[in-house]
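The structure appears below as structure tokens.
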Protein chains: 2
Amino acid sequence: MRIITNPQVFQKTMEALREKGKQIGFVPTMGALHHGHLELMRRSKQENDVTAVSIFVNPTQFGPKEDFRRYPRPAARDQKLLIQAEVDFLLMPSVAAMYPAGTALFVDLNSEQDGLTQRYCGQTRPGHFRGVLTVCAKLFNIARPHRVYMGAKDYQQTVVIDRLIRELHLGIKMVRVPTVRESDGLALSSRNIYLSPADRRRARALSQTLQELQGELQRGKRNLKALLQDARRKLAHSVDKLDYLEAADPVTLEPLAKPQKHMVLLTACTVGKTRLIDNVIINLP
Amino acid sequence: MRIITNPQVFQKTMEALREKGKQIGFVPTMGALHHGHLELMRRSKQENDVTAVSIFVNPTQFGPKEDFRRYPRPAARDQKLLIQAEVDFLLMPSVAAMYPAGTALFVDLNSEQDGLTQRYCGQTRPGHFRGVLTVCAKLFNIARPHRVYMGAKDYQQTVVIDRLIRELHLGIKMVRVPTVRESDGLALSSRNIYLSPADRRRARALSQTLQELQGELQRGKRNLKALLQDARRKLAHSVDKLDYLEAADPVTLEPLAKPQKHMVLLTACTVGKTRLIDNVIINLP
């Protein structure tokens, strides 16, 4: 695996591979890799000639009171995992290299025209998706891959990035890879290591609640509003703070008032001091 | 010359040329071509294997009361000029093709962090540079050229685009081509055709004022504030409305209080109903 810190060098390297006709798969990450990330890389290796990964803890997507500083950065462990996964290239840029002229330039969605980045995680984390859109526009231009691989766990993020790719004409295919879970259902996340053993047990409530709701909807229950209210009440009891639990259209993420054939259930909760998210995609018969 | 209306087809065509090792020069325009534009193309042809031009009157860079609808669109004449100039490719997309998911997604500079897009033309035309940044991000991703050619007449625009290229890591070189002028000094502009014969004569005042100021500075006059005030007074007398006349740093566009070695004088005025801009770059001995 070749490790590159300079974005220009990385860009030229990818460009040379493209010119040789190689198909490039790209996995943008913030490091602290787990099996969910490794699944993205496995999928990229299946579908491309070259797999490139970036590790960059992006400051502009963290709020002023969030965990930017304490976000885990186990560089040696990450690199070992990437070598084992037979990744070809790793981009590890500095903040100054990614934001050469400062952080004034940004990419965002106009919230008056589209509430996508204001809802759900956007409401709890103002500015978060602006940071995500901006850094992904940069990373995608640096890597210019044919395909990018993102985890379905960050469902809203994948919808936002889909919009970015389409609107900026990036000519990239975004592949949404199913969430990888612990045996008890907890979605893998780099933030799970923050959980104390007691919090870890309570964190099961997110996936359990989603699963139960999914079951009820698939058994034909139609009163979505009451189902959500009931589930919210139970979930709020298990966690320290319920941010949201909503049913939404899987493409627009508009909240739903009644069930429809394709839908996504989304939740975010704080357990201890750790904010966790999860979702489940439902296709009713 | 091959005319392409579909951005995806254009993108694939450019990509195929890149893969063959061809150097691509790109000239984004809003059409209504004049000798200033043709100079951009001539320069691109000197420096690249392939020259591609876009004609797209971008709605998002016009204010609600501006001339988007009446902006000249002489398509047949433009195409004839491009063929004469031996341009290889012309992209002529529709608004729907350029904004496939609507106009919610945008690129901008945070004005609290950097006043670049708020000053000068940004003050008179709020949202203008957001529109320019957004459409250029799209066009540059569609064309993925090695070099883009822009006229120095839109000096502030070239500074804004320079920032875009650097911050989004577009890997493009921006070439700023000197302004082409009529024999009496008026900078060529697609909007000059709006001018009545009487207004056309009065429009000379912009370049004349800039030239006089340049002369005084080069003769060693140092009281920039008084020079500007005097020039503003005279210019305001000749035109219908003086938007601004300022001296600025050529890289940051920060306004200057006293002369420095490298500077740019910038002005915008309304003559009749037509808004005109001009500038001159000064390098003191």
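No lab work stands behind these numbers, since they all come straight from the coordinates. This one's a predicted model, so the numbers in the text were calculated from it and none came from an experiment. Neighbour counts run over all protein chains shown; Cβ positions are idealised from the backbone, glycine included.
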Q: Apply the Karplus parameterisation 6.51 cos²θ - 1.76 cosθ + 1.60, with θ equal to phi minus 60°, to every residue of the range B:34-41 and state each ³J(HN,Hα) to the nearest whole Hz, in sequence, with x for glycine and proline.
A: 9, 5, x, 4, 5, 5, 4, 5
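Work through the residues other than residue B:110 whose Cβ is under 13 Å from its Cβ and net out their charges, Lys, Arg +1 and Asp, Glu -1. All intermediate terms of the calculation are to be shown ahead of the outcome.
Details: positive: A:130, B:130, B:163; negative: A:108, B:108, B:112, B:114, B:167.
Once positives and negatives cancel, what remains is -2.
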Q. According to a simple spin-label model (label point 7 Å from Cα along Cα-to-Cβ), what is the distance in nm between residue A:2 and residue B:181?
A. 5.0 nm
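Tell me, in nm to one decimal, what length is gained between residue B:283 and residue B:76 on full extension, where the rule is 0.36 nm per residue of separation less the Cα-Cα distance? Present the calculation step by step, with values, prior to reporting the outcome.
Details: separation 207, 0.36 × 207 = 74.52 nm, distance 4.08 nm.
Extra length available between residue B:283 and residue B:76 comes to 70.4 nm.
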(Q) I want to verify a result. In a Gaussian network model of chain B, Cα cutoff 10 Å, which of these has the top mean-square fluctuation: B:247, B:32, B:101? (A) B:101
Q: Pairs to check: A:12/B:173; B:225/B:261; B:45/B:153; B:234/B:258; B:138/B:241. Give those whose C-alpha atoms are more than 23 Å from each other in this structure.
A: B:138/B:241
Q: Provide an ascending nm list, one decimal, of label-point separations from residue A:112 to the equivalent residue in each further copy; define each label point as 7 Å from Cα along Cα→Cβ.
A: 1.9
Q: Put a label point 7 Å from Cα along the Cβ direction on residue A:214, then list its distances to the equivalent points in the other copies in nm, shortest first.
A: 6.9
Q) Which FRET efficiency value, to the nearest 0.05, is calculated for residue B:86 and residue B:19 with the Förster distance at 22 angstrom and r the Cβ-Cβ distance? A) 0.45
Q | Most mobile of A:70, A:130, A:176 in a GNM of chain A (Cα contacts under 10 Å) | A | A:70
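What number comes out for the charge environment of residue B:193, summing +1 per Lys or Arg and -1 per Asp or Glu over other residues with Cβ under 14 Å away? Mind showing how you got there, number by number?
Numbers: positive: B:70, B:73, B:77, B:191, B:200, B:273, B:275; negative: B:67, B:78, B:182, B:199.
Once positives and negatives cancel, what remains is +3.
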Q: List the residues whose amide H sits under 5 Å from the amide H of residue B:181, counting only those 5 or more places along or on another chain, with H placed 1.01 Å from N in the peptide plane.
A: B:188
**Q.** J(HN,Hα) series, the range A:57-67, from Karplus relation 6.51 cos²θ - 1.76 cosθ + 1.60, nearest Hz, glycine and proline x
**A.** 7, 7, x, 6, 9, 9, x, x, 9, 8, 9
(Q) Looking at chain B as a GNM with Cα springs under 10 Å, which of B:84, B:113, B:123 has the largest mean-square fluctuation? (A) B:113
Q) Which whole-number percentage describes the relative contact order of the range B:2-177, with Cα contacts under 8 Å and a sequence gap of 6 or more? A) 29 percent
Q.
Quick one: 3J(HN,Hα) in Hz for the range B:114-127, Karplus 6.51/-1.76/1.60 with θ = phi - 60°, rounded, Gly and Pro as x.
A. 7, x, 3, 8, 9, 7, 6, 4, x, 6, 6, 10, x, x
(Q) Given axes a ≥ b ≥ c from the Cα gyration tensor, I'd like to know whether the range A:190-278 is rounded (a/c under 1.5), prolate (a/b larger than b/c) or oblate. (A) prolate
Q) Taking only Cα atoms, what is the 0 to 90° angle, nearest 10, from helix B:128-143's long axis to the longest principal axis of chain B? A) 30 degrees
Q: Report the normalised scattering of the protein assembly as shown as log10 I(q)/I(0) at q = 0.06 Å⁻¹, calculated by the Debye formula with identical scatterers on the alpha carbons.
A: -0.37
Q | Relative contact order %, the range B:82-224, counting alpha carbon pairs below 8 Å whose residues are six or more apart | A | 15 percent
Q) If you put a point 7 Å past Cα along the Cβ direction, how far is that point for residue B:162 from the same point in each other copy, in nm, smallest first? A) 4.0
Q: Put one equal scatterer on each alpha carbon of chain A, apply the Debye formula with no solvent term, and list log10 I(q)/I(0) at q = 0.15 1/Å to two decimals.
A: -1.21
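Express as a percent, rounded to the nearest 5, the fraction of DSSP beta bridges in the protein assembly as shown (both residues included) that run antiparallel. Spell out each step's value before the answer.
Details: 43 of 81 bridges.
If we restrict to bridges inside the protein assembly as shown, about 55 percent are antiparallel.
I need to check one value: relative contact order of the range B:199-285, counting alpha carbon pairs closer than 8 Å and at least 6 residues apart, in percent. Don't jump to the answer; show the numbers that get you there.
Numbers: 137 pairs, mean separation 27.1, N = 87.
Over the range B:199-285, the number comes to 31 percent.
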